[in-house]
Amino acid sequence: MAVLEIRDLTHYFGGLCALSHLNITLEPGTLTGLIGPNGAGKTTVFNLVSGFYRPSRGEIRFAGRNIAGLKPHQVTALGVARTFQNIRLWKDLTVLDNIRIAQHHRLGYGFADAVLRTRRFRRREAEIDAYARELLEVLELDHVAGELPKNLPYGLQRKVELARALSVEPKLLLLDEPAAGLNTADVEELIRHIRWIRDRFDVTIWMIEHHMDVVMELCSHITVIDFGETIASGTPEEIRTNPAVIQAYLGDDEI
Amino acid sequence: MSSQPTSVAVRPDGTAARPTAFQRWSVPALTLAGLAVLLWVGQSGALTKYTQTVIMFMAVNVIVSASLNLVNGYMGEFSCGHGGFMAVGAYVSSVLGVLLFAKDRVFGPPLLPPEWALVGFPLIVLVGGLAAALAGLLVAIPSFRTRGDYLAIITIAANYIVISAVENLDVIGGSRGFMGMKRVVKAMGRAWDLPWMLLWSFGFAVFTLWILRRFVYSTYGKGVMAICQDEVAAEIMSVNTNRMKVAAFMLSSGLAGVAGGLFAHIVGYVNPGSFGILKSTEALVMVYLGGMGSLSGSVLSAVLFTLLLEALRPLQIIKWIVVPLLLILLMQFRPEGILGNRELADVFPGLRRFFRFK
C-alpha cells in the first residue's frame with residue numbers, strides 16, 4: 001500500500017487558490033521531490049499534509065487512512081514528521097530535551113503519574129531518555145546532547161531538527177528545504193545523510209528543495225508545481241528537459 | 001529500544017547522577033525542620049501575632065507567584081486574572097468551612113462536629129482549589145485561539161466577572177464580605193492546640209513547589225516550555241498543545257485557589273475587593289521580580305515582596321506609588337528579574353551537592 005496518497009487536493013486562502021488538484025502517490029521507501037518557483041505553494045502542501053490547514057477539497061490518505069482534518073499532533077502521532085524551512089527548534093531547551101519532547105505522543109503516562117512519580121512514570125522516562133540518547137548517538141550528535149540549540153552552528157541545528165523529527169519514529173518524513181543555508185561541502189554531506197537516514201530508519205521521504213543538484217541526485221520521482229498547479233511530474237531526467245518546467249523557472253520570453 | 005536502566009535524575013549536562021543519601025533527604029529534612037521551627041514559634045510566643053501573620057502571608061504569596069509562574073513564565077502566556085481564581089478558592093473553602101464546622105447566623109449550626117475541622121480544613125482548602133481549577137478551565141479555552149495582549153484582556157475580564165458575581169451574591173455577604181472562618185480555625189485549635197494556620201500555610205507552600213517542580217521537570221510538563229518557545233513546532237512535534245494548556249491553566253489556577261483559601265482563613269474575613277485587579281497585579285509583580293520560569297525566583301520574590309509591603313505599610317496609600325515605581329526600575333535595570341529563567345542551583349552550582357528537589 002502507498003504510504004501517502006493525495007487525490008485532487010485543493011486549497012484556498014480566502015479567494016486565492018493556493019493549490020489546485022494535486023495528485024501524488026508515495027510508495028514506501030522512496031525519496032520524492034516537490035519543486036517549484038517561489039510562492040508556488042510547496043510549503044502549503046506540507047502544511048496541508050501535516051494537518052496545519054484543513055484542505056478546501058480533496059483527500060490525503062496516509063497508510064490508507066484519510067487524515068485530512070486531523071489536528072497536527074494527531075497526524076504526527078500516526079507517523080508523519082517534518083522539518084521546517086526556517087529551523088524551529090526549541091532554542092532554550094537542551095538538544096536532549098528537544099528529542100525527548102518530540103516523543104510526547106507515546107509518553108504512556110499522564111499528569112498524575114508525573115506528579116506522583118509512579119513506577120510507570122519512572123520506567124517510561126528512563127525509556128524515553130535512553131531512546132533519545134541512542135538516537136543522538138546514531139546520528140553522531142551525542143556530543144551536543146546538553147547544549148542549547150541557540151548556541152549551535154547552523155548546520156548542526158539542521159541536523160538536530162532532523163533528529164527531532166526522527167524521534168517521532170515517522171513512517172513519512174517531510175523535509176522542507178533541508179539544504180537551505182548550507183555551503184557546498186555541507187550539501188554533499190546532507191545528500192549522503194538523507195539517503196542513509198532513509199535506509200537506516202526505513203522511512204519514506206518527501207522533500208521540498210531549491211538546490212537542483214540535491215533533488216536530482218536524491219529523488220527517484222519529482223513533482224513540479226507553479227501557482228498551485230501541477231505542471232510536471234516524472235523522473236529527474238524527464239523533469240530536466242520538460243519545457244514547462246524550464247519556462248516556469250526561467251520565465252516566459254514573450255511579452 | 002535498549003532497556004538499559006538509566007537514572008531519571010539526569011542533569012542538563014547530560015550526565016546521569018544517582019543522588020547521595022544526603023541529597024535525597026536534605027529537602028524533606030529541611031521541610032520538617034521548618035515545620036518544627038514554626039511549631040515552636042507558634043507555641044512559645046517568641047514572635048508576635050503580627051510577625052506570624054507576615055510569615056503566613058509569605059507562604060501564601062509563594063503559592064501565588066509560583067503558580068502564576070507556570071502560566072506566565074514557563075508557558076509564556078500572559079494571564080492577569082490570578083486574583084479571580086484566589087477569590088473562587090477563598091469563597092468556596094470559606095463557605096464550606098463555615099457551613100460544616102462553625103455556627104453561623106445565615107447557615108445555622110455546623111453540619112459536622114467542629115473538632116472534625118482538624119481533618120476537614122486541608123480538605124476544604126483543596127476543594128476550594130478544585131473549584132478554582134474548574135474556573136481555570138474557562139480561561140484555558142480562549143487561550144487555544146489567542147495569546148498575548150488579547151488573552152491578557154480576557155483574563156482581566158474573567159477576574160472582573162468573578163468579583164462582580166461575588167458582589168451580587170447576597171447569600172455570601174455580597175460586597176460586604178464573608179466571615180466566620182476564625183471560628184473554623186478556633187475549632188481546630190480547640191481540638192488540638194497547635195498553630196494550625198502557620199503549619200498549613202507552610203505545608204501548602206511546600207506542596208505547591210513540589211507539585212510544580214515535578215510537573216515542569218517531566219517530559220510531559222516540558223511540553224509547556226515547548227509551547228512557550230515555539231507553539232507551532234510543539235503542535236507539529238506531537239505535543240497536544242490544547243491539552244497541555246488546559247493542564248497548565250487548571251494547575252495554576254487551582255493552586256491560586258488554595259492560596260485564596262489559606263488567605264481567607266488567615267485573615268478570617270474575605271471581601272471581593274481583596275481579590276481585584278490589584279491582587280492580580282501583585283501576583284504579576286512577584287513573577288517578574290523573581291524571574292520567569294524560575295521556581296526559586298518565585299519563592300525569593302514572594303518573600304521579598306511580602307517584607308517590602310510590610311515595610312512600606314507606614315506610607316499607607318503612597319505605598320502604591322512606591323511599589324509600581326520599583327517595578328519600573330526593575331524593568332529598566334534588570335528586566336529578566338532576580339534569577340531570570342534560572343533556578344538558584346543554576347546560579348550557585350555548588351548547591352547541587354547538598355540537595356535535590358524533584
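At a glance:
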read-out: Subset of the stretch A:113-140 [outside any helix (DSSP H, G or I) and under 24 Å from the mean Cα position of the chain (by Cα)]; value: A:Leu139, A:Glu140
read-out: Residues that are part of a strand (DSSP E or B) and within 14 Å of the chain's Cα centre (by Cα), drawn from the stretch A:1-34; value: A:Leu4, A:Leu26, A:Leu31, A:Thr32, A:Gly33, A:Leu34
read-out: Of residues in the stretch A:141-159 being of a type in the set (A, V, I, L, M) and assigned to a helix (DSSP H, G or I), the one farthest from the other protein chains (Cβ to nearest Cβ); value: A:Leu156
read-out: Any chance B:Ile321 is farther than 20 Å from B:Ser79 by Cα, not in a helix (DSSP H, G or I) and not charged (D, E, K, R); value: no
read-out: Any hit, the stretch B:220-240, residues being among the polar types (S, T, N, Q), surrounded by fewer than 24 Cβ atoms within 10 Å (Cβ to Cβ) and more than 7 Å from chain A (Cβ to nearest Cβ); value: no
read-out: In the stretch B:130-159, residue farthest from B:Gly81 (Cα to Cα) [restricted to those that are exposed (fewer than 14 other Cβ atoms within 10 Å of the Cβ) and of a type outside the set (A, V, I, L, M, F, W, C)]; value: B:Arg145
read-out: In the stretch B:16-30, residue nearest to the chain's Cα centre (by Cα) [restricted to those that are surrounded by 15 or more Cβ atoms within 10 Å (Cβ to Cβ) and assigned to a helix (DSSP H, G or I)]; value: B:Val27
read-out: Test: residue in the stretch A:197-211 that is modelled with pLDDT under 95, part of a loop (DSSP other than H, G, I, E, B) and either surrounded by 17 or more Cβ atoms within 10 Å (Cβ to Cβ) or in contact with a strand residue (DSSP E or B) (Cβ under 6 Å, 6 or more places away or on another chain) (or both); value: yes
read-out: Total residues in the stretch B:64-109, condition part of a loop (DSSP other than H, G, I, E, B) and in contact (Cβ under 8 Å) with a residue 60 or more places away in the chain; value: 10
read-out: Which numbered condition B:Ile266 fails, given (1) within 10 Å of chain A (Cβ to nearest Cβ); (2) surrounded by fewer than 24 Cβ atoms within 10 Å (Cβ to Cβ); (3) farther than 18 Å from B:Ile161 by Cβ; value: (1)
read-out: Filter result (in a loop (DSSP other than H, G, I, E, B), of a type in the set (S, T, N, Q) and either at positive phi or within 12 Å of chain B (Cβ to nearest Cβ) (or both)) within the stretch A:54-84; value: A:Thr83
read-out: Lone qualifier among B:Leu194, B:Leu209, B:Leu199 - being among the aliphatic types (A, V, I, L, M), within 14 Å of another protein chain (Cβ to nearest Cβ) and out of contact with any Phe, Trp or Tyr (no Cβ under 7 Å at 6 or more places or on another chain); value: B:Leu209
read-out: Scope the stretch A:97-143; condition surrounded by fewer than 16 Cβ atoms within 10 Å (Cβ to Cβ) and closer than 18 Å to A:Arg158 by Cβ; matching residues; value: A:Val138, A:Glu140, A:His143
read-out: Unmet requirement for A:Tyr131, which otherwise passes all of (1) touching a Ser or Thr at 6+ places or on another chain (Cβ under 6 Å); (2) at the interface with chain B (Cβ under 9 Å from one of its Cβ atoms); value: (1)
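The values are calculated or read from the model by the stated rules, or taken from the named source; none is laboratory data. Remember, it's a predicted structure, so these values are computed and weren't measured experimentally. Neighbour counts run over all protein chains shown; Cβ positions are idealised from the backbone, glycine included.
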